[in-house]
Amino acid sequence: MDYLYFLYLDWLHQVNLPNNLANLIAMITFPLLPFCMVAAALILVVLFLVLLERKILAFFTQRKGPNRVGPWGLFQTIADAIKLLCKENITPTGADKFLFNLAPFIAFVPVMVLWGLIPFSSEFDFMSYSVSSLLFVTIASIPILGILLAGYASNNKYSLIGSIRSVAQAISYELPLIFVLLSIVVLASSLNLRQIVLAQTSIYPPQTPVCGWFIFPAFLGFLIFFICALAELNRCPFDLPEAESELVSGYNTEYSGMKFAFFFLAEYAMMFVMCAFIATLFLGGFLSPLGFYISDKLIPNQFIANIFVYFEQVIWLFLKTFFLIFCMMWVRATLPRLKSHQLTGFAWKVLLPLSFLNLLIVCVIKGLGGYFG
């Protein structure tokens, strides 16, 4: 973000502001820009994802989906949001009021932090740390505490069972996920997400830019990570914590209004950021699959072209992310829900040994000279 900071500071100087005043304005306002961008993008992405999922599920099940509110039903999710805003927030009798009201925020707030860790381009990484990939996995496990508190504080046995299922599920599937992440760290020789993306730059001719992506040496790890992400997100076929057939709605049964909306918002926002994380680790992140950036070819002015390259990198990452989101929605429309013992057994008996095997394969590749020469 240093380049953008100095670009912003230079613009403030060009509007004839005194140097001290321009520096002060830049120091105060520039840190707020990433937060505002993340908050706006989060709301827009969630509204779009809810509509997209309903349309995709309708397509797979031969239904029309939302088609009444606005053209092609485009305003349906906005109408749903207004409905949730207007509903009364109810706290059940006998519930722990403090924990009951705190749980939705614990489930939602960490997701906004995760958005800041994703390198959307070579300059749009709002929070860049040397261990950002490890920090991402750590923060991503915090919303589980919100789900646990929601079930415990609701004074409802169905909610409690749903929250316990969620914790057991998260513990089971985080271990294979961590070992797959370790294999990516071995390939990239870094824990920094931006460095992991840059390590996927292909050394082969421009006609084969995707050959540098980590999905090829760690394809088994990609499959394991994708499955674990489904489980972490409580997506079908791993949606046992909110199984409506036996738990009514699981941990959020007693929630209404905006408290329920926070859980809903966190789920879809986490789905986007988790898919962006997978794209960063395995699909080259913001790197162009063409081997070059279209902005460089179309814009003759190099300074302007460099600026547009950053936005093009964001677009490439979004395209890869939405492809993975489509795959997750496809899985939901296709596979039935697993039983509880099948879910945990699959993690410990199948995915964990396979994650060890994936790590071994990656270490052998790295030891023999590396996949990238």
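Only one of the listed residues (Phe356, Phe322) is open to solvent by 30 Å² or more (accessible area, probe 1.4 Å), at pLDDT 90 or above and under 23 Å from the mean Cα position of the chain (by Cα). That residue is Phe322. Summed over the range 134-163, the residues that are out of contact with any Asp or Glu (no Cβ under 8 Å at 6 or more places or on another chain), under 24 Å from Ser190 (Cα atoms) and buried (at least 21 other Cβ atoms within 10 Å of the Cβ) give a count of 1. A residue that is farther than 29 Å from Phe219 by Cβ and without any contact (Cβ under 8 Å) to a residue 12 or more places away in the chain occurs nowhere in the range 351-373. In a residue-by-residue description of the range 202-212, the property of being of a type in the set (Phe, Trp, Tyr) and open to solvent by less than 60 Å² (accessible area, probe 1.4 Å) applies to no position. Taking the conditions (1) at pLDDT 80 or above; (2) closer than 27 Å to Phe318 by Cβ in turn, Arg68 satisfies each one other than (2). Would you say Gly291 is open to solvent by 30 Å² or more (accessible area, probe 1.4 Å), at positive phi and in contact (Cβ under 8 Å) with a residue 24 or more places away in the chain? So Gly291 passes the test. Checked against the criterion of being open to solvent by 40 Å² or more (accessible area, probe 1.4 Å) and either farther than 30 Å from Ala95 by Cα or modelled with pLDDT of 80 or more (or both), the range 227-235 contains one or more residues that satisfy it.
The set of residues in the range 118-133 that are surrounded by 22 or more Cβ atoms within 10 Å (Cβ to Cβ) and closer than 17 Å to Leu287 by Cα comprises Ile118, Pro119, Phe120. Among the residues of the range 236-259, how many are at pLDDT below 80, surrounded by fewer than 24 Cβ atoms within 10 Å (Cβ to Cβ) and aliphatic (A, V, I, L, M)? Qualifying residue count for the region: 3.
Could we say that Phe346 is among the aromatic types (Phe, Trp, Tyr), without any contact (Cβ under 8 Å) to a residue 60 or more places away in the chain, open to solvent by 30 Å² or more (accessible area, probe 1.4 Å) and part of a helix (DSSP H, G or I) here? Taking the combined requirement at face value, the residue satisfies it. Screening Lys97 against (1) farther than 22 Å from Ser159 by Cα; (2) open to solvent by 40 Å² or more (accessible area, probe 1.4 Å) leaves a single unmet condition, (1).
Of the residues Leu114, Leu145, the single one that is without any contact (Cβ under 8 Å) to a residue 60 or more places away in the chain and not aromatic (Phe, Trp, Tyr) is Leu145. Regarding Leu281, is this residue open to solvent by 10 Å² or more (accessible area, probe 1.4 Å) and either closer than 25 Å to Val180 by Cα or assigned to a helix (DSSP H, G or I) (or both)? In short, no.
For (1) surrounded by fewer than 18 Cβ atoms within 10 Å (Cβ to Cβ); (2) free of Cβ contacts under 8 Å to residues at least 40 places away in the same chain; (3) within 30 Å of Asn155 (Cβ to Cβ); (4) touching a Cys at 6+ places or on another chain (Cβ under 6 Å), each residue gets a yes or a no:
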{"position": "Val46", "(1), (2), (3), (4)": "no, no, yes, no"}
{"position": "Val50", "(1), (2), (3), (4)": "no, no, yes, no"}
{"position": "Val69", "(1), (2), (3), (4)": "yes, yes, no, no"}
{"position": "Pro92", "(1), (2), (3), (4)": "yes, no, yes, no"}
{"position": "Pro104", "(1), (2), (3), (4)": "no, no, yes, no"}
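Pairs linking a residue in the range 301-322 that is within 16 Å of Val45 (Cβ to Cβ) to a residue that is open to solvent by less than 80 Å² (accessible area, probe 1.4 Å) and of a type outside the set (A, V, I, L, M, F, W, C), with Cβ atoms under 8 Å and 6 or more positions apart or on different chains, are Val314/Ser121; Leu317/Ser121; Leu317/Thr280; Leu317/Gly285; Lys320/Gly284; Lys320/Gly285.
Which one is farthest from Leu148 (Cα to Cα), of the residues in the range 65-99 that are outside any loop (DSSP other than H, G, I, E, B) and of a type in the set (Lys, Arg)? Checked the range 65-99; the qualifying residue farthest from Leu148 (Cα to Cα) is Lys83.
In summary, Phe308 fulfils each of the numbered conditions (1) of a type outside the set (Asp, Glu); (2) open to solvent by 80 Å² or more (accessible area, probe 1.4 Å); (3) within 27 Å of Arg235 (Cβ to Cβ); (4) part of a helix (DSSP H, G or I) with the single exception of condition (3). Filtering the range 291-305 to residues that are more than 26 Å from Ser189 (Cβ to Cβ) and not in a helix (DSSP H, G or I) leaves Ile299, Pro300, Asn301. Scanning the range 280-288 turns up no residue that is out of contact with any Asp or Glu (no Cβ under 8 Å at 6 or more places or on another chain), modelled with pLDDT under 80 and more than 27 Å from Phe98 (Cβ to Cβ). Selection of the range 164-204 for residues being more than 18 Å from the chain's Cα centre (by Cα), modelled with pLDDT of 85 or more, at negative phi and not in a helix (DSSP H, G or I) yields Ser190, Ala199, Gln200.
The values are calculated or read from the model by the stated rules, or taken from the named source; none is laboratory data. Remember, predicted model here, so these are calculated numbers, not experimental data. We place every Cβ from the backbone using ideal geometry, glycine too, and count neighbours over all the protein chains shown. Ligands, DNA and RNA are stripped out before the accessible areas are found, and what is left, the full protein with its side chains, is counted by its heavy atoms. Shrake-Rupley method; radii C 1.70, N 1.55, O 1.52, S 1.80 Å.
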